[in-house]
1. Consider segment 2-19. How many of its residues are in contact (Cβ under 8 Å) with a residue 60 or more places away in the chain and within 14 Å of residue 38 (Cβ to Cβ)?
2. Which pairs do you get when a residue that is among the polar types (S, T, N, Q), found in segment 118-132, comes within reach of a residue that is part of a helix (DSSP H, G or I), reach meaning Cβ atoms under 8 angstrom, with the pair 6+ apart or on two chains?
3. Scan segment 63-74 for residues that are open to solvent by 40 Å² or more (accessible area, probe 1.4 Å) and either of a type in the set (A, V, I, L, M) or assigned to a helix (DSSP H, G or I) (or both) and report the count.
4. In this structure, does residue 213 turn out to be crowded, with 18+ Cβ neighbours inside 10 Å and assigned to a helix (DSSP H, G or I)?
5. Can you tell me which residue in segment 48-62 is least open to solvent (accessible area, probe 1.4 Å), limited to those that are among the hydroxyl-bearing types (Ser, Thr, Tyr) and not in a loop (DSSP other than H, G, I, E, B)?
6. Could you check how many residues of segment 182-208 are in a loop (DSSP other than H, G, I, E, B), surrounded by 12 or more Cβ atoms within 10 Å (Cβ to Cβ) and either under 28 Å from the mean Cα position of the chain (by Cα) or among the aliphatic types (A, V, I, L, M) (or both)?
7. Just to be sure, is residue 141 under 28 Å from residue 1 (Cα atoms) and either surrounded by 14 or more Cβ atoms within 10 Å (Cβ to Cβ) or modelled with pLDDT of 95 or more (or both)?
8. Would you be able to tell me the number of residues in segment 1-36 that are open to solvent by 80 Å² or more (accessible area, probe 1.4 Å) and either hydroxyl-bearing (Ser, Thr, Tyr) or touching a Cys at 6+ places or on another chain (Cβ under 9 Å) (or both)?
Amino acid sequence: MNIDGLGPQVVELLLSAGKIKDIADLYELRTEDISGLERMGQKSAENLISAIEESKSRGLERLLYALGIRQVGEVAAEEIAGQLRTLDALFAASYEDFVNINDIGDITATALVEFFADENTKRLCERLVNLGVKTEAVGTEKGVLLEGITFVLTGTLPTMTRDEASAIIKENGGKVSGSVSKKTSFVLAGEEAGSKLTKANELGIPVIDEAALLKMCGLEPKA
């Protein structure tokens, strides 16, 4: 949840002092619970409580990653949250719902179904909701215009950076890869494109420019 000041040593300190037993307990901590602990003064305690409070608004993306579900890393958590949008939807989702999400395979989908079917998970998440943790996705809802399409970017684009082009692709449900392979759908090439363009031509991968990408996304080319 990116809580500033909550490193492994502080977690160990809180656990050994009996201040927390699970992650929901973090959100019930008060300044006085922390300030008397070893190496934790009043100011440190206040800062930590403030950071914990701030983390409540990180959204479903961070919460899903922070829950430590087997096979669900940071990127997968963003993909899942971007598609399903709410914690309630995660609890209601089937194996088919999960496996149809970009880059979510059989093992991860099974792990997700098992995790959200567990009564302990339900109780933990109910506590987090009651304690004010935001359980809706905060990122932009992804479109489907580029769903199932993988792009590799190379060279300098006319009016946008590669990061900006990558963001547009992802916002429309596409995927960006760092290397060209037979699984690549398109190579988006700009000026001074290098070896990726060469490999695309060797493999017969279609090469497009910035204007073509924008058209695929229903956007007007920039002047």
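The values are calculated or read from the model by the stated rules, or taken from the named source; none is laboratory data. This structure is a prediction, so every number in the text was calculated from the model and none was measured. All Cβ positions, glycine included, derive from the backbone under ideal geometry; neighbour counts span all protein chains shown. In case anyone asks, the SASA skips ligands and DNA or RNA and just uses the protein heavy atoms, side chains included. Shrake-Rupley method; radii C 1.70, N 1.55, O 1.52, S 1.80 Å.
1. Within segment 2-19, residues that are in contact (Cβ under 8 Å) with a residue 60 or more places away in the chain and within 14 Å of residue 38 (Cβ to Cβ) number 0.
2. Pairs found: 121/115.
3. 3
4. For residue 213, the condition - crowded, with 18+ Cβ neighbours inside 10 Å and assigned to a helix (DSSP H, G or I) - is met.
5. Ranking the candidates gives 55 first.
6. Step one: of segment 182-208, the residues in a loop (DSSP other than H, G, I, E, B) are 182-185, 190, 192-194, 204-206.
When the remaining residues are screened for being surrounded by 12 or more Cβ atoms within 10 Å (Cβ to Cβ), the result is 184-185, 190, 193, 205.
Okay, now just the ones that are also either under 28 Å from the mean Cα position of the chain (by Cα) or among the aliphatic types (A, V, I, L, M) (or both), so 184-185, 193, 205.
Residues in segment 182-208 being in a loop (DSSP other than H, G, I, E, B), surrounded by 12 or more Cβ atoms within 10 Å (Cβ to Cβ) and either under 28 Å from the mean Cα position of the chain (by Cα) or among the aliphatic types (A, V, I, L, M) (or both): 4 in total.
7. no
8. Qualifying residue count, segment 1-36: 1.
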